[in-house]
1. With each label point set 7 Å from Cα along the Cα-Cβ vector, what nm distance links R149 and L30?
2. Once phi is turned into ³J(HN,Hα) by the Karplus curve 6.51 cos²θ - 1.76 cosθ + 1.60 with θ = phi - 60°, what whole-Hz value does each residue of segment 221-232 show in order, with x for glycine and proline?
3. Remind me, what semi-axes does segment 190-262 give for its equivalent ellipsoid, largest first in whole Å, using sqrt of 5 times each Cα gyration tensor eigenvalue?
4. Would you grab the residues whose amide H sits under 5 Å from the one on R149? Only those 5+ places off in sequence or on another chain, please, with H modelled 1.01 Å from N.
5. Compute the signed sum of charges (Lys and Arg +1, Asp and Glu -1) over the other residues within less than 12 Å, Cβ to Cβ, of R76.
6. What accessible area per residue, rounded to a whole number of Å², is obtained for the chain using a probe radius of 1.4 Å?
7. Taking the simple approach of a point 7 Å from Cα along Cα-to-Cβ for both H130 and A257, what is their distance in nm?
8. Looking at segment 38-100, what % of its DSSP beta bridges pair antiparallel, to the nearest 5?
Amino acid sequence: MGGVNTAGVRAQAEIRARADGRGGTALPVLESRDPLALRRTRGSGATARVVLVGAMSGPHGGDHFTVRADVGPGARLRVGSAAATLALPGQHGGQARQDVRITVAAGGELHWLPEPLISVTGSELAVHTHVDLAPGARLVLREELVLGRTGEDPGRLTSRLTVRVDGRPVLDQELDCGPGAEGGWDGPAVLGGHRAVGQLVVCDPEFEDKPVAPGVPAEGLAVLPLTGPAVLVGAVAPDALRLRRLLDRAPASFTPATSASA
């Protein structure tokens with residue numbers, strides 16, 4: 001991949017969620033720096049809600065964005081974004097980086113549901129999402145990648161997702177696509193000509209007693225159980241709208257492994 005341009009913007013955002021002792025969730029740390037901005041919105045029950053705004057302004061070539069979320073025991077947090085993120089070439093060019101680091105303690109719960117990331121022609125972005133879960137933590141994490149705006153070719157996009165439970169790797173996978181990527185990324189074994197790809201990772205202690213069976217509940221959608229206990233849902237689609245519909249319907253398609261084998 002191309003060299004990193006040190007002339008870009010460095011920005012960080014951090015969220016810490018803690019049980020408030022009254023059945024709700026407090027946010028003792030909610031800090032961000034332009035062009036990233038965190039805003040607390042109206043929650044629901046025990047769940048605190050945070051929206052990341054301003055992401056539409058980058059990352060540009062050479063930028064390095066870091067977002068951290070830490071959920072304590074008994075806390076419940078839902079994080080989304082106000083708009084899709086555009087990976088842009090930028091004035092200085094070079095590779096941009098976006099790092100997301102997530103930790104969830106035992107009894108904590110996080111729903112990480114950002115809007116899609118769109119790789120614009122001429123951009124070069126490397127994204128790494130690293131998740132550390134304690135035993136008994138719950139996670140719902142969605143990632144949606146769109147290769148190019150309507151009618152345009154994509155930029156170079158590399159996305160790596162690493163999930164660990166109790167320090168043990170549950171998932172570590174990388175997708176590299178666009179100009180300069182290894183051949184075959186657009187072939188039948190990977191994207192099959194589609195321009196939207198996504199995944200949903202669900203970690204839930206209940207899967208220990210009620211494991212989910214593998215399956216293909218719809219065209220372009222696959223369900224794969226993981227140790228942890230966790231489930232990985234992968235989807236490909238011609239556009240972002242259809243991708244979202246596939247991922248939204250996936251949890252309802254989870255079939256207990258015991259029923260599937262009966």
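1. My value for the distance between the label points is 3.1 nm.
2. Result, ordered by residue: 10, 9, 10, 10, x, 10, 5, x, x, 7, 9, 10 Hz.
3. Over the Cα atoms of segment 190-262, the ellipsoid semi-axes are 24, 12, 10 Å.
4. Residues meeting the amide H criterion: T121.
5. +2
6. Roughly 47 Å² per residue, with all protein chains present.
7. 2.9 nm
8. 35 percent
The values are calculated or read from the model by the stated rules, or taken from the named source; none is laboratory data. This one's a predicted model, so the numbers in the text were calculated from it and none came from an experiment. Quick reminder, even Gly has a Cβ in these numbers, built from the backbone with ideal geometry, and neighbours come from all protein chains shown. Just so you know, the surface numbers come from the protein's heavy atoms only, side chains and all, with ligands and any DNA or RNA stripped out. Shrake-Rupley method; radii C 1.70, N 1.55, O 1.52, S 1.80 Å.
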